[in-house]
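What follows is a set of notes on a single structure, which appears directly below.
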Amino acid sequence: MTRSQRLLPVLPGFAVALPSQILFWLDGEPAGPGLVPGLLIWGVLLPLVLIASRSFGVTLTPSEAVAHNLRRRTIPWSDVQAVQIESLLGSRTVVIYEAGGRRTRLRAPTTGFLSWDRGFEEKFHTIGRWWLDHRGPDWVPVPPPGVWWGGPPASHGNPYAPPA
């Protein structure tokens with residue numbers, strides 16, 4: 001994640017806490033009742049957010065991808081069927097599709113309106129290229145899950161693409 005993406009969750013607190021303390025000071029009153037607890041919370045919260053967000057992302061090894069989301073998850077390259085970009089609520093993230101139908105949305109890299117990452121496309125291509133180079137010579141695409149009787153027809157495009 002970029003530095004601005006790591007700091008973004010903390011900014012709303014500063015946007016509320018700092019102006020309220022300035023208003024107390026301008027009224028000639030002593031510091032507001034929440035100044036000391038607020039400073040303590042921000043003194044603890046800011047480093048925790050910065051430290052926790054540094055670990056989000058993916059580690060690429062020759063045999064597997066290790067997704068560092070809220071929980072760590074190891075995905076062997078031989079099980080990966082696709083690496084794609086998906087949009088969700090205005091943000092674009094990288095998603096790894098596995099042969100068993102499971103999909104893993106990575107917490108980083110990501111890009112969006114307020115948390116723009118100029119290197120997002122390059123990071124996505126790095127992950128995709130790594131998968132293509134390390135999936136193994138005996139990798140074969142798995143056919144998409146079967147369609148239930150009376151269900152919608154199977155797509156002729158990429159079966160691992162999100163629904164249109």
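Figure the gain on full extension for F113 and H68 (residue separation times 0.36 nm, minus the Cα-Cα span) and round it to one decimal in nm.
13.9 nm
Kindly write out, for region 117-131 in residue order, the coupling ³J(HN,Hα) from the Karplus curve 6.51 cos²θ - 1.76 cosθ + 1.60 (θ = phi - 60°), rounded to whole Hz, with x marking Gly and Pro.
10, 5, x, 4, 4, 5, 5, 4, 5, 5, 5, x, 5, 4, 4
Between rounded, prolate and oblate, where does region 70-151 land on the alpha carbon gyration tensor, with a ≥ b ≥ c its root eigenvalues, rounded for a/c under 1.5, else prolate if a/b exceeds b/c?
Working: a/c = 2.21, a/b = 1.36, b/c = 1.63.
Oblate shape, in that a/c is at least 1.5 and b/c is the bigger or equal ratio.
Might you work out the accessible area of I127 for me, using a 1.4 Å probe with all protein chains in place, and round it to the nearest 10 Å²?
Answer for I127: close to 10 Å² accessible.
The values are calculated or read from the model by the stated rules, or taken from the named source; none is laboratory data. Only a predicted model underlies this, so the values are computations on that prediction, with no experimental measurement involved. In case anyone asks, the SASA skips ligands and DNA or RNA and just uses the protein heavy atoms, side chains included. Shrake-Rupley method; radii C 1.70, N 1.55, O 1.52, S 1.80 Å.
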